[in-house]
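We did not get these values from a lab; they are worked out from the coordinates using the rules stated. This is a predicted model, so every value here is computed, not measured. Note: ideal-geometry Cβ built from the backbone for every residue, glycine included; neighbour counts use all protein chains shown.
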Amino acid sequence: MTLAEAKKILNDIIPKYYYSDSVEPLVRDLLMYILDISKIEYLCLTSNYILTNDELLKFEDVIKQLKDEKPIQYILGEVDFLDFKFQVNENVLIPRPETEQLVLFAKEILDSNGYVPNTIVDIGTGSGCIAIAMKKLFPKTNVFGIDISKAAIDLAQNNAHKYELNVEFYQLDILKDDFNLFNYDVLISNPPYVLEYEKNEMNDNVTRWEPHLALFVPNDDPIIFYKKVINNFFKNRMSKFAFFEINPLSYNLLVDFLNSFSLLSYSFFKDYNEKNRYLVIKK
């Protein structure tokens, strides 16, 4: 099989199983993975390059995974996030552009307030993408990542080690355990927030592959994580700022809950699609 033939097969298959504004970057990334080459090496290949037997076997395995609707990021084992390339697998959510915006948004607000955090805690760290990015932005700040999943913690540690950033990760259940022991002044979190009934509206490559523990919340208590985390934030004498990614469907519930606190200042901000996606709390 030539490179041109492999490209054609991928160009035909990907749109059948994945929505994307542009298929070409996905084809390129998959072929770089299959051939185990860099982008420069890929660009130097001629269209009549013939795949070796090992490369052909790897190509066939990728096609099988694509037809099984496995997310391309899980096939590649990595995902771009800001200036990072993080390892991902089925134990963690795939970081999305909205979460990149959460990090940049937190940086912007902290800078505009002239505030340099002493300690940042990331609740529901998953791959560690938020915690590691915040450590890069605030190198003198202590950063902790918390997750209920041991597998997620192990992966996050690997990602931090890759970039030689000193982030500490701990396995905790935030609904049961006390995370105020970290004495944080800034909290940031992208907790589970997708309602159970929204499953029916989601693509199979999400519901079949990404961890439900990190995605879904009960229909009858959709802000369960926010209530616990914000209550802890309010009780923590050191806390100053909290940044959350939210489900726009839970906006009214969050407003009602936040209005029960008299000493909190809060604001909601919209994402790229003009949906209420971010909550900022300031003491």
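By other beta-carbon atoms within 10 Å, ranking ILE75, ILE9, ILE132 with the fewest at the front produces ILE9, ILE75, ILE132. What the phi angles of the range 70-79 give under the Karplus curve with 6.51, -1.76 and 1.60, with θ = phi - 60°, is a coupling list of 5, x, 4, 5, 6, 5, 6, x, 7, 8 Hz, glycine and proline written as x. Shown here for the range 50-144: trypsin sites (Lys or Arg not before Pro) in loop regions (DSSP other than H, G, I, E, B) with at most 11 other Cβ atoms within 10 Å, namely LYS140.
Proximity of backbone amide H atoms, modeled 1.01 Å from N, is registered between GLY145 and ASP122, GLU168, PHE169, TYR170 at under 5 Å, excluding neighbours fewer than 5 places apart on the same chain. Subtracting the Cα-Cα distance of ASP173 and TYR197 from 0.36 nm times their residue separation leaves 6.2 nm of extension gain. Under a Gaussian network description of the chain, with springs only between Cα atoms under 10 Å, the residue in TYR49, TYR170, TYR33 that fluctuates furthest is TYR49.
Distance from the alpha carbon centroid of the range 207-255 to that of the range 78-108 works out to 18 angstrom. Out of the GluC sites (Glu not before Pro) in the range 107-179, which ones are loop residues according to DSSP with at most 10 other C-beta atoms within 10 Å? Passing sites in the range 107-179 are GLU164.
Modelled label positions at THR46 and ARG208, each set 7 Å beyond Cα in the direction of Cβ, lie 4.0 nm from each other.
Taken one residue at a time, the phi angles of the range 7-13 give Karplus couplings (6.51, -1.76, 1.60, θ = phi - 60°) of 4, 5, 4, 5, 4, 7, 7 Hz. Gly and Pro are set to x. From the Kirkwood radius over Cα pairs of the chain, Stokes-Einstein at 20 °C and 1.002 mPa s returns a whole-number translational diffusion coefficient of 105 µm²/s.
For the range 3-68, taking Cα atoms only, Rg and Dmax work out to 11.4, 32 Å respectively. Each residue of the range 222-234 was assigned a 3J(HN,Hα) from its phi angle through the Karplus curve 6.51 cos²θ - 1.76 cosθ + 1.60 (θ = phi - 60°); the sequence is x, 10, 3, 6, 5, 4, 5, 5, 5, 4, 5, 4, 5 Hz, with glycine and proline shown as x. Once the Cα-Cα distance is subtracted from the 0.36 nm per residue extended length, the ALA4 to TYR19 segment shows a gain of 3.2 nm. The residues ILE94, ILE14, when put in order of fewest to most other Cβ atoms within 10 Å, stand as ILE14, ILE94. For the range 161-189, list residues with backbone N below 18 Å from a point placed 7 Å from the Cα of LYS150 toward its Cβ? Those under the cut-off are 169-174, 177.
The long axis of helix 97-112 is offset from the longest Cα principal axis of the chain by roughly 40 degrees.
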